[in-house]
1. If you project the alpha carbons of the range 9-72 onto their three principal axes, what span does each projection cover, largest first, in Å?
2. Can you tell me what percent of all Cα-Cα pairs in the range 11-126 are more than 19 Å apart?
3. Go through 187, 32, 129 and say which Cα lies farthest out towards the positive end of the charge dipole of the chain; charges sit on Cβ, +1 for Lys and Arg, -1 for Asp and Glu.
4. Above 16 Å lies some portion of the pair distances; for the range 55-107, what is it as a whole percent of all C-alpha pairs?
5. How large is the dipole of the chain about the Cα centre if only Lys and Arg carry +1 and Asp and Glu carry -1, each at its Cβ, rounded to the nearest 20 debye?
6. How do 156, 190 rank when sorted from fewest to most other Cβ atoms within 10 Å of their own Cβ?
7. Could you grab the Rg to Rh ratio for the range 95-189? Cα atoms only, Kirkwood for Rh.
8. If one takes the longest principal axis of the Cα atoms in the chain, at what angle in degrees, from 0 to 90 and to the nearest 10, does the Cα axis of helix 33-49 lie?
Amino acid sequence: MSSGRRGGRRPAGASEKRALRRRTLARRRALTQAERAEASRSIVQRVLRLSEFQEAETVLLFASFGDEVDTWGLLREAAAAGKRVVLSRVRKGKLEMELCVVTDFEEQLEPGAMGIMEPVEECPEVRAAELDLVVLPGVAFDVTGGRLGYGGGYYDRLLGGLTEEGCSPALVAIAFEMQIVDEVPMGANDVRVPLIVTEKREIGAIG
C-alpha cells in the first residue's frame, strides 16, 4: 500500500477494499451496545452543532442499520428543527436510489433492500438538486476524505450524479472513531468526503 500521500495512491484493488471492509466491520461489531450508544449520542450532538446542518433546509439522512452509528436521534432532531428530512429508497430493479421526504418515522418507513428501513411508496420524491446537506454512512474513512462503502456503489453514483448536474450540497460522513483508518483505497469513481464526524472530532474543513 502507498505511503498515504494525497497524490501518491495507486489504483484501488477490489481485494484491498474487501479486506479493509471485512476488518473494519469486524472491529465495529466488537463494540459493545453501550459503547455504540454513547458514541452515537456524541456524534449526533456534533452534527447538530455544524453550520452545515443548522443552515440546511433539506437534508438527506439515513436510517441506521445493525451496528452503524445510531441515526434515529438525528432524524428526530432534524424533524424537530423544521428540516425537510429526506431518506433514500433503492429503485426497484436498478442500482440507484430514489430520494423521498419522510415526515413520520413510525408510519412511513418499511424494511427495504437488505432489511434497511426505507420510505414507503407513498412518500413524495424530491430532486437531488433540492438537497442542502447529505449525511453519508460508510464502513471506513481516512483523514484525506477517502470513503469505503458497503460495496453497492449507491452513494458514489448519487454523488457523481450531483456533480454532473452542478449541484453542491454539503457532504458530511458520520462514523465511529475506530472506523478511521490510515488509508482507504480509492478508485476513479469513488468520491471523497470533505467532512467526517466521529464521537471525538471533526475531520476536514468546516465550511
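1. Here the spans come out as 39, 32, 19 Å, largest first.
2. So the portion of pairs separated by more than 19 Å is 56 percent.
3. With unit charges placed on the Cβ atoms, the residue in question is 187.
4. Across the range 55-107, Cα pairs with separations above 16 Å total 45 percent.
5. That gives a dipole near 1140 debye.
6. 156, 190
7. Ratio value, two decimals: 0.98.
8. 70 degrees
Values quoted throughout were computed directly from the atomic coordinates according to the rules given, and no laboratory measurement underlies them. Everything numeric in this text was worked out from a predicted model, so none of it was measured. Backbone-built Cβ (ideal geometry, glycine too); neighbour counts: all protein chains shown.
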